[in-house]
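Student: This is the structure I have questions about; it appears just below.
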Amino acid sequence: MYVMFWSSFACFLLTFIQLHFKLEEPGMNLIIRAKQDCEVYELIPHETFDQDFPISFVQEYVHWLQLSSPPQDADIREIEFRPMRTKWSPSTANWRLKFSKTPQISIMEQGNTLLIDIRSRTFNMILTRLKPLESPDHIHITTTASDGVSLLASLPRYKLSFFLNRSYELESTNFREMIVDANQFTGTMVGLTSQLVLTQEKTANSCLIPIRSAIIPFGLIHTQESLSTHHVTTCVEVPNSSSSVRYFKYDIDTDLGRLIGTTLLSDLFKIYLHASTAYPMPDPLTGRTGTEEALSELNSARCLSFQALAADEHDILCNIAGLVPAHKQHEHHVQSLNWHRVGPLAQHWGFRILVETIVQFDKRLGIFSNDKTPLRVPDYDRHLHERLACRNYHLYAAEYAFFDPTPSHDARYP
């Protein structure tokens with residue numbers, strides 16, 4: 001039998017700790033125990049808690065099993081979750097997992113705060129409201145029984161949290177008097193699954209139209225056709241390994257029929273979403289199709305109200321311009337056309353025209369900055385692009401055609 005033991009002494013922050021190591025078989029986990037004063041702890045590997053806790057509790061903590069329990073608690077074991085920065089220092093303020101064999105129960109607590117099990121019915125009920133915005137692995141749901149029972153759902157990556165109010169609604173702690181709306185349809189961007197709609201909590205003046213907002217994460221947009229609805233389904237992909245997620249909050253203006261952003265980047269991202277979710281039928285909120293709304297917004301003065309384009313803004317503009325089908329000229333007058341997964345009417349040549357106008361405007365403003373790197377849109381075949389507009393401009397209203405046909409575009413037929 002292969003068994004190896006060794007031990008060492010270490011000093012961390014003026015605290016002396018004796019470490020013992022044991023390896024029973026090659027390829028097996030290394031057993032590590034630490035003795036500090038009269039307490040003995042054993043290190044529990046991170047993978048032990050996979051699928052049992054939110055990811056942050058698994059990856060951002062060091063887990064120590066306390067082996068030297070008092071006699072009166074001989075049947076109760078305790079695992080202390082210490083933050084990485086204080087992994088050698090025990091503290092009563094840390095999360096602790098207490099469990100026993102008879103009966104088989106476990107409690108995750110931090111003072112008076114208890115963590116809700118990710119497999120419980122309570123967690124799944126809250127998850128149904130928040131999953132359009134965040135994955136289950138990154139949602140923390142806790143309850144506090146100090147002053148009555150309260151429930152708090154936290155989204156650490158978004159720095160957002162919601163509590164269960166007296167009306168049993170999920171109310172935001174970040175946006176005052178805003179609750180998760182039972183109606184998650186904004187009236188536009190049909191098919192977008194990555195959004196959370198908030199509405200104003202009902203008051204005595206319930207006859208007034210409540211304020212509604214939509215929270216949409218910022219990330220890569222993935223679109224695919226839904227065979228059941230004959231409409232595209234669009235989601236914003238956020239890497240599961242990201243420690244933080246950027247998002248935009250859009251106010252839903254039913255009077256003007258539009259979503260209101262706060263920055264140029266949020267407006268460009270909104271335009272990209274409108275274009276990606278386009279459909280031949282107009283959206284109820286805007287009264288226009290996604291393509292028409294995107295073209296109108298991109299052609300507005302708002303998209304020229306800047307001093308210099310940031311890298312994220314330029315990337316979004318390139319993505320918008322990339323919605324135009326890619327034409328390539330090959331030998332022997334052979335051409336190839338690469339269509340995207342968005343609707344065919346959404347792949348409008350006007351996106352590239354308007355994006356080039358914005359990029360050229362940014363280039364002219366670059367004379368006021370010495371270290372400004374010129375931005376550009378990927379090259380394309382202008383002749384084929386113009387012919388695409390000439391063949392399809394009649395499918396759109398005049399204000400969205402972005403093409404003025406002239407006799408020079410006519411061809412003589414034999």
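The values are calculated or read from the model by the stated rules, or taken from the named source; none is laboratory data. Here the structure is a predicted model, which means the values were calculated and not measured. Backbone-built Cβ (ideal geometry, glycine too); neighbour counts: all protein chains shown.
Student: List, please: which pairs have Cβ atoms under 8 Å, are six or more places apart or on different chains, and start with a residue in region 220-240 that is on the phi > 0 side of the Ramachandran plot and end with one that is of a type in the set (Asp, Glu) and at pLDDT 85 or above?
Tutor: Listed pairs, sorted by first residue: none to list.
Student: Same structure again: Quick check: anything in region 158-173 closer than 21 Å to residue 95 by Cβ and touching a His at 6+ places or on another chain (Cβ under 6 Å)?
Tutor: Taking every residue of region 158-173 in turn, none turns out to be closer than 21 Å to residue 95 by Cβ and touching a His at 6+ places or on another chain (Cβ under 6 Å).
Student: Of all residues in region 166-181, count the ones that are among the polar types (S, T, N, Q) and in contact (Cβ under 8 Å) with a residue 24 or more places away in the chain.
Tutor: So the count comes out to 2.
Student: Let me ask something else about it. Of the residues that make up region 88-97, is at least one outside the structural domain of residue 154 (by TED's automatic domain parsing), within 29 Å of the chain's Cα centre (by Cα) and under 23 Å from residue 154 (Cβ atoms)?
Tutor: Within region 88-97, one or more residues are outside the structural domain of residue 154 (by TED's automatic domain parsing), within 29 Å of the chain's Cα centre (by Cα) and under 23 Å from residue 154 (Cβ atoms).
Student: Against the condition within 19 Å of the chain's Cα centre (by Cα), assigned by TED's automatic domain parsing to the domain that holds residue 247 and surrounded by fewer than 18 Cβ atoms within 10 Å (Cβ to Cβ), how does residue 175 come out, does it pass?
Tutor: no
Student: Looking at region 264-319 only, could you name the residues that are surrounded by 16 or more Cβ atoms within 10 Å (Cβ to Cβ), assigned to a loop (DSSP other than H, G, I, E, B) and polar (S, T, N, Q)?
Tutor: 277, 286, 289, 299
Student: Can you tell me which residue among 228, 213 is outside any loop (DSSP other than H, G, I, E, B) and more than 24 Å from residue 317 (Cβ to Cβ)?
Tutor: Only one candidate passes the filter, namely 213.
Student: Given the criteria assigned to a loop (DSSP other than H, G, I, E, B), within 21 Å of residue 126 (Cβ to Cβ) and in contact with a helix residue (DSSP H, G or I) (Cβ under 8 Å, 6 or more places away or on another chain), does residue 166 qualify?
Tutor: no
Student: Out of (1) surrounded by fewer than 20 Cβ atoms within 10 Å (Cβ to Cβ); (2) under 27 Å from residue 158 (Cα atoms); (3) modelled with pLDDT of 90 or more; (4) of a type outside the set (Asp, Glu), what's the single condition that is false for residue 241?
Tutor: Residue 241 satisfies all of (1) surrounded by fewer than 20 Cβ atoms within 10 Å (Cβ to Cβ); (2) under 27 Å from residue 158 (Cα atoms); (3) modelled with pLDDT of 90 or more; (4) of a type outside the set (Asp, Glu) except (3).
Student: For region 25-130, please list each of the strands (runs of 3 or more DSSP E) lying entirely inside it that holds at least 1 residues being of a type in the set (Ser, Thr, Tyr).
Tutor: 39-44, 61-66, 95-100, 105-110, 113-115
Student: Still on this structure, I have one more. Which residues, taken from region 134-169, are aliphatic (A, V, I, L, M) and either within 22 Å of residue 106 (Cβ to Cβ) or at pLDDT 95 or above (or both)? Steps first, please.
Tutor: From region 134-169, those aliphatic (A, V, I, L, M) are 139, 141, 145, 149, 151-153, 155, 160, 164; that's our starting set.
Across region 134-169, the qualifying residues are 139, 141, 145, 149, 151, 152, 153, 155, 160.
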